[in-house]
Amino acid sequence: MSREVIHQIIGMMEDIRAKKPLVHHITNYVTVNDCANIVLAIGASPIMADDIDEVETITSISSALVINIGTLNRRTIESMVAAGKKANELGIPVVLDPVGAGASALRNETTERLLAEVKVTVLRGNMSEIRFTAGLEADTKGVEVSEADQKIGTDEGTQVAQNVARKFGCVVAITGPTDIITDGKRTIYIENGTKHMSNVTGTGCMCSSLVGAFCGVLDGERYSPLIAAAGGVLVMGLSGELAYEATKHLGYGSFRTGIIDAVSKMDGDTLIQKARVYES
Amino acid sequence: MSREVIHQIIGMMEDIRAKKPLVHHITNYVTVNDCANIVLAIGASPIMADDIDEVETITSISSALVINIGTLNRRTIESMVAAGKKANELGIPVVLDPVGAGASALRNETTERLLAEVKVTVLRGNMSEIRFTAGLEADTKGVEVSEADQKIGTDEGTQVAQNVARKFGCVVAITGPTDIITDGKRTIYIENGTKHMSNVTGTGCMCSSLVGAFCGVLDGERYSPLIAAAGGVLVMGLSGELAYEATKHLGYGSFRTGIIDAVSKMDGDTLIQKARVYES
Amino acid sequence: MSREVIHQIIGMMEDIRAKKPLVHHITNYVTVNDCANIVLAIGASPIMADDIDEVETITSISSALVINIGTLNRRTIESMVAAGKKANELGIPVVLDPVGAGASALRNETTERLLAEVKVTVLRGNMSEIRFTAGLEADTKGVEVSEADQKIGTDEGTQVAQNVARKFGCVVAITGPTDIITDGKRTIYIENGTKHMSNVTGTGCMCSSLVGAFCGVLDGERYSPLIAAAGGVLVMGLSGELAYEATKHLGYGSFRTGIIDAVSKMDGDTLIQKARVYES
């Protein structure tokens, strides 16, 4: 168990609640409300803006940028690129969630273009999406991980994640039964969460948004993007786990509500008691 | 009581949970999150994609397509037509929800165009919307059924539904106090549901999405589109009924959550005990 | 305590439930579902439509128009202007929520353009947004009120609100710890609500939508836009207060659900007992 990582995550969470960083999202219209609410629940402040005439300004006043291609279109793709470049220029961290990469040429080309033109701080996806960015055959079934990719073990997954991290010089987070978070050298594993989270839309998107909130307090040298990514993934996984236990007798509507509840009640004690964080 | 229909619906529901069909939606941004969550709750997998550059690809990998014109615009109308044509080419079932048909020229023309250019499998709407597609005077008040159309009885409604079904060679589902589902020959009536469902936005959209999930397991000869439509309408109505009973002391926010809860807990025993399905 | 204002608000609320006015929204994709559900919860009927080819028609059949610039873009800005002009032509009340005015040139210019080209009935925003419309330095931080503007007292806020009300000949509602609602002459203060409402996305948007529902029963001379604005603000604030008490042990996901619950259960007795409405 990596107590040091957990304590750093707790420190970042306290920073989020003290500083309330603004997190600019260019994201999809399916799960955008949940993304905004989860960012508020952890203590940060969301702003959603996607018009090319304002994205650079909005990124400039923000502490992090989250790009999520869930319902990308020609108009918003250009906004994603412009906002990403502005973030790079100003040293603002960028989280990329390549939703459904592997499922269509548009998603593939956009993911490749974003990774080529924007320096990404954290790339978060499921095994299929990250395999796509690795140049591997990704048997993506829509926006969910494919059955074949679900069977990939932690060792092989670690290889993929580390390769992608080195290729793009970023932190890579593959979320799944065991979450794998790596900067290409250090690798953190998180075993919180529940498989039922895939029965609520947007748990991946919300995870990326939480990573965005953690990245929003990355100013200075105290914390690393690796810990920021682990923080978002851990809070999401543990919140999902706690929410499922609290609502499983009710159903998936209550489960969705319970996830936001759990994030808003998350505290250091709960993380110390229940986080299952390991380092290889 | 039509036990045979109920048993076929239960069989389809088991198929959905076993096969997890991908259901492509081109839909509105108001209720899209609820549509995604209800498709997950019944056991299928939603994907929302509306850019013209990817809709044909996304339809190609899907088992059903749901077109919902709730917040249509020039850009997405073209995507709807392209996706619909691709679905027809590949034999993928298409569900059309002509939200607010009758309320504006844009909705009227788009509904007419979709019905002319795309072979629809199931057309689901309220009495005003379906009357519009029948070429009748539809006194549509926004996206809800008009007061005049609310007073139309089951006999007259059946005539309208059967005429539209024959006109377009599709299954027609008119949801209301008594749901009327017909392929032009056989007609099924469902008396589940509660009038309070109209106090939560998107119960019509969610119904169409559930019909999409049922259509996603229509491969082969075992089930008919008529039963798929009845399945979606029945699960929606009964879930609304159960959710209202469970949450009426709380209010409409909890009612909305309860509908997703009820769909995720729906099972064969509940359907056998509580479905009120008749055939004329 | 202004019992007269509370009784007028109760009268308007009864009118909403009796007449079910249609409220056309051109709004953002983040909180649109909550806006639709809160309009239904108070007893009115929402319609969301933003394509330039139909907004004038949809406004024409509606009883009020709500323009919310939360995720504005080039396409929808033109729709907002066209719908607003049509509403003016037909004497339909217009509510403007200038979300994030002060945060980007696009939001600033759009707010100015809307206020120049459309006669607004009620302008609702936080202190930063309304200060922007007053031509004052607005230290807007994204879509939330800035820290500096949070410290502005009720007296100074009243000055700002009254100046803006006179400048544009409209009712101005600044929501905050004390809500200030004025037509430039009469000023109403409301002290319901809780600071926790800023931890759920869209409480400002939902407030504007409720104002839209109240404006939807403004036909005739019986009620004034000032009371309509106060009605929406009061129902929102009190619902937030009641919902927070009911859900604070659970978290912000349940709080969000509880707000819609409370609006749907709001009645005259609750308003008489718990409204804190004053007039200067």
*Answer yes or no: is there a residue in the stretch C:240-247 that is under 17 Å from C:Thr31 (Cβ atoms), touching a Gly at 6+ places or on another chain (Cβ under 7 Å) and not aliphatic (A, V, I, L, M).*
yes
*Does any residue of the stretch A:85-103 turn out to be closer than 27 Å to A:Lys167 by Cα, more than 14 Å from chain C (Cβ to nearest Cβ) and of a type in the set (Lys, Arg)?*
yes
*Only residues in the stretch C:46-63 that are of a type outside the set (Val, Ile, Thr) count as the first member; pair them with residues that are surrounded by 19 or more Cβ atoms within 10 Å (Cβ to Cβ) and in a loop (DSSP other than H, G, I, E, B), Cβ under 6 angstrom, at least 6 apart or cross-chain, and list the lot.*
C:Met48/B:Val30; C:Met48/B:Thr71; C:Asp51/B:Asn73; C:Glu54/B:Ser104; C:Ser63/C:Pro21; C:Ser63/C:Gly216
*Tell me which residues, restricted to the stretch C:80-99, are crowded, with 24+ Cβ neighbours inside 10 Å and more than 18 Å from the chain's Cα centre (by Cα).*
none
*the stretch A:177-187, residues that are under 15 Å from A:Ser280 (Cα atoms) and surrounded by fewer than 24 Cβ atoms within 10 Å (Cβ to Cβ)*: A:Thr178, A:Asp183, A:Gly184, A:Lys185, A:Arg186, A:Thr187
*Output the qualifying pairs, or none if there are none: Cβ atoms under 8 angstrom, residues six or more apart or on different chains, first residue in the stretch C:248-268 and more than 8 Å from chain B (Cβ to nearest Cβ), second residue part of a loop (DSSP other than H, G, I, E, B) and surrounded by fewer than 23 Cβ atoms within 10 Å (Cβ to Cβ).*
C:Phe255/C:Lys248
*Pick from the stretch B:61-75 the residues that are within 9 Å of another protein chain (Cβ to nearest Cβ) and out of contact with any helix residue (DSSP H, G or I) (no Cβ under 6 Å at 6 or more places or on another chain): which of them is farthest from A:Val200 (Cα to Cα)?*
B:Arg74
*For A:Val211, state whether it is touching a strand residue (DSSP E or B) at 6+ places or on another chain (Cβ under 6 Å) and either more than 14 Å from chain B (Cβ to nearest Cβ) or in a loop (DSSP other than H, G, I, E, B) (or both).*
yes
*So which of A:Arg124, A:Arg166, A:Arg113 is touching a residue at least 40 places away in the same chain (Cβ under 8 Å) and basic (Lys, Arg)?*
A:Arg124
*Determine whether B:Thr111 is over 22 Å from A:Cys205 (Cβ atoms), part of a helix (DSSP H, G or I) and within 16 Å of the chain's Cα centre (by Cα).*
yes
*Hey, can you tell me all the residues within the stretch C:195-226 that are crowded, with 23+ Cβ neighbours inside 10 Å and of a type outside the set (A, V, I, L, M)?*
C:Thr201, C:Gly202, C:Thr203, C:Gly204, C:Cys205, C:Cys207, C:Ser208, C:Ser209, C:Gly212, C:Phe214, C:Cys215, C:Gly216
_Can you confirm whether B:Gly102 is closer than 25 Å to C:Ile52 by Cα, in contact (Cβ under 8 Å) with a residue 60 or more places away in the chain and crowded, with 23+ Cβ neighbours inside 10 Å?_
no
*Single match in B:Ala229, B:Ala243 (criterion: within 14 Å of chain C (Cβ to nearest Cβ), part of a helix (DSSP H, G or I), surrounded by 18 or more Cβ atoms within 10 Å (Cβ to Cβ) and among the aliphatic types (A, V, I, L, M))*: B:Ala243
*Which members of the stretch C:21-60 meet the condition of being among the β-branched types (Val, Ile, Thr), more than 8 Å from chain B (Cβ to nearest Cβ), more than 24 Å from A:Thr31 (Cα to Cα) and touching a strand residue (DSSP E or B) at 6+ places or on another chain (Cβ under 9 Å)?*
C:Val23, C:Val55, C:Thr59
*When you go through B:Met12, B:Met80 one by one, which is the residue that is more than 11 Å from every other protein chain (Cβ to nearest Cβ) and under 19 Å from C:Ala49 (Cβ atoms)?*
B:Met80
*Mind counting the residues in the stretch A:246-276 that are among the acidic types (Asp, Glu) and buried (at least 21 other Cβ atoms within 10 Å of the Cβ)?*
1
_Boolean, C:Ile174 is in contact with a Gly (Cβ under 6 Å, 6 or more places away or on another chain), crowded, with 24+ Cβ neighbours inside 10 Å and either within 14 Å of chain A (Cβ to nearest Cβ) or hydrophobic (A, V, I, L, M, F, W, C) (or both)_ = yes
*Select from the stretch C:1-27 the residues that are crowded, with 23+ Cβ neighbours inside 10 Å and in contact with an Asp or Glu (Cβ under 7 Å, 6 or more places away or on another chain) and list them in ascending order.*
C:Ile26
*Do we have any residue at all in the stretch A:130-142 that's of a type in the set (D, E, K, R), within 13 Å of chain B (Cβ to nearest Cβ) and under 19 Å from the mean Cα position of the chain (by Cα)?*
no
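A short reminder: the numbers here are calculations on the coordinates, not readings from a lab. Here the structure is a predicted model, which means the values were calculated and not measured. Cβ coordinates were reconstructed from backbone atoms using ideal geometry, including for glycine residues, and neighbour counts include every protein chain displayed.
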